[in-house]
Amino acid sequence: MASQLRGAPLIAAITSVCSAGFLLFGYDQGVMSGVVISPSWLAAMGHPSDLEIGTITALYDVGAVAGAVLAAFTGDPLGRKRTLLLGALLVGIGGLAMGCAAARGTFMIARVVVGVGIGLTTSVTPVYQSEISAHAQRGWQVCCQLTTMLVGLLMAYCINYAFFFHPGEAQWRFPLVFQCVFAAYILATTPFLPDTPRWLLRRHGKEPERGLAVLARLRGKPENDREVQKEMGEILGALQAESKAQGSWGDLFRSNGVSAHKRFYLAVAIQFMQQLSGINIVTYYAPTLFRTALGMNQESALLLGCFTQLWYVLASFVTWYTIDRIGRRKLFISMALGMGLVLVGEALATAAGTRTGAITAVVFLFLFEAFFSWGWMACVWIYPPEILPLKIRAKGSALAAAADFIGNWIVVEVTPVGIAKMGWTFYLVWAAFNIANAGIVWLFYPETGGLKLEAIDDVFTKETETHAEGTSPLRRLQWGRVRVAAEAVRKSKAAARTGEERGLLEDEEFERRSEPAHQN
């Protein structure tokens, strides 16, 4: 039973339900691409126009924004796991209603319900995962969620392709109802899992033993273990430092001694900047590129679309290795520059108007997906819950997710018009955005990888020198917290290299002090 798990198996169980939440996100992003071209669905919906189809599809994003905002209200009162359960329940209800819909109105309402559920799950799962993971594994465990999101997207493409050969209502009803399987897994498993120690300690501060018991289970150690006690002390210390903040909406815009407002702005901005990378421009134009430039028919274009998603999944595994070793900041900057250069190449290849140019454009598409996966997919979702202090973490992360969905909606809206009016030069606009993203991250975004969540609070409370000794004039342009974080990460890595020997000595000292006095 999940309620008896400890250590790594318990972490894996929580990671699995968090990942299932993102799998639903990816599946819902891809499933409508096959549904809206089904003759049976078009007939059932009364043969909607292109504008009406776009509206039906976009209702998902509207619901997702509403769900993300709702998560800001539920993340603290209900907790991480109950918010996840609520989101999964709504996705299950909405998915079943869409698959059984006999009229357009029912389908549209169900589409919104699914969006609300996805907004809830994607807002809370990065927070849930971040607060239960050890700092050295936090990055790649969140990467699991994003990889499963891509698996969900690939699964949707493959199911759409498989049912392309089965005309009739099953062609669209089965793919829509199939997502309920993953929602059911979350609903069946999550009730047996604990909420996070940090949430428990904040909500039940007068009963710290509840948080301590869960923390010990997560680390697979007894409650009196030195490392468990040390982590417990760090969490309580962070709560004490934030004691003036109540976790209210106003606290999002106040410093509260830990620069909470600036950290909130960073969290919201990084998720909105993800959409400025142009990922939806590339994926939107891919089917058109396959059909027009390469002369593919609909079946072949769908099949190649499956291969692009398979490549997306495979590329994402690289980030499992790099996100904790290289860090979020370096991946943000290097991959944004890479995407900018690739989009310039995409524009030039498309402008050539030749078959060779079209093939080159497809190669650039695959390369762009790889760069995005390595730098701006998982890193963007892990950064807000890392950078935000505990008392505004749920609200701030939820609103950051809402900014992501709003950015997605804006990009999807402007893309058809932009491509029609500007052609290949439209890619250059997004290349410029990527260069700007790299510059903004270099100037203002501190590294969070390799630091405990409570150590990140220290980055924003430590005094900084405006002109640190030995700092180059160019580096002085950066926000001082960037330099403080870089030094904290350097010390953390140095401590990790010698931690094993030091840990053995501290264990011996801890055991000696724990011996009863009568044994002396």
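Numerical summary
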read-out: Segment 261-284, residues that are hydrophobic (A, V, I, L, M, F, W, C) and modelled with pLDDT of 85 or more; value: 264, 266, 267, 268, 269, 270, 272, 273, 276, 279
read-out: Residues of segment 98-119 that turn out to be surrounded by fewer than 14 Cβ atoms within 10 Å (Cβ to Cβ) and over 16 Å from residue 46 (Cβ atoms), as a count; value: 1
read-out: From the options 17, 112, 65, 69, residue that is part of a helix (DSSP H, G or I), touching a residue at least 24 places away in the same chain (Cβ under 8 Å), of a type in the set (A, V, I, L, M, F, W, C) and more than 27 Å from residue 154 (Cα to Cα); value: 69
read-out: Scan of segment 161-216 for residues that are among the small types (Gly, Ala, Ser) and surrounded by fewer than 23 Cβ atoms within 10 Å (Cβ to Cβ), ordered by number; value: 162, 168, 170, 184, 188, 205, 213, 216
read-out: Per-region count, segment 1-23, residues farther than 30 Å from residue 170 by Cβ, polar (S, T, N, Q) and crowded, with 17+ Cβ neighbours inside 10 Å; value: 1
read-out: Which numbered condition residue 185 fails, given (1) at pLDDT 90 or above; (2) farther than 30 Å from residue 100 by Cβ; (3) of a type outside the set (A, V, I, L, M); value: (2)
read-out: Options 361, 347; residue that is buried (at least 24 other Cβ atoms within 10 Å of the Cβ), modelled with pLDDT under 90 and aliphatic (A, V, I, L, M); value: 361
read-out: Elements of type helices (runs of 4 or more DSSP H) in segment 422-520, at least 2 residues being within 22 Å of residue 231 (Cβ to Cβ) and at pLDDT 85 or above; value: 453-459, 480-514
read-out: Those residues of segment 84-108 which are β-branched (Val, Ile, Thr) and at pLDDT below 95, in sequence order; value: 106
read-out: Qualifying residue in segment 309-326 (condition: modelled with pLDDT under 90, in a loop (DSSP other than H, G, I, E, B), out of contact with any strand residue (DSSP E or B) (no Cβ under 6 Å at 6 or more places or on another chain) and not assigned by TED's automatic domain parsing to the domain that holds residue 147); value: no
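Residues checked against (1) more than 16 Å from the chain's Cα centre (by Cα); (2) polar (S, T, N, Q):
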site: 34; (1), (2): yes, no
site: 66; (1), (2): yes, no
site: 88; (1), (2): yes, no
site: 119; (1), (2): no, no
site: 126; (1), (2): no, no
site: 133; (1), (2): no, yes
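Residues checked against (1) aromatic (Phe, Trp, Tyr); (2) surrounded by fewer than 17 Cβ atoms within 10 Å (Cβ to Cβ); (3) in a loop (DSSP other than H, G, I, E, B):
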{"site": "25", "(1), (2), (3)": "yes, no, no"}
{"site": "30", "(1), (2), (3)": "no, no, no"}
{"site": "33", "(1), (2), (3)": "no, no, no"}
{"site": "41", "(1), (2), (3)": "yes, no, no"}
{"site": "46", "(1), (2), (3)": "no, yes, yes"}
{"site": "59", "(1), (2), (3)": "no, no, no"}
{"site": "76", "(1), (2), (3)": "no, no, yes"}
{"site": "94", "(1), (2), (3)": "no, no, no"}
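The values are calculated or read from the model by the stated rules, or taken from the named source; none is laboratory data. For clarity, every value in this text was computed on a predicted model and none was experimentally measured. Every residue, glycine as well, gets a Cβ built from its backbone with ideal geometry; the counts of neighbours run over all protein chains shown.
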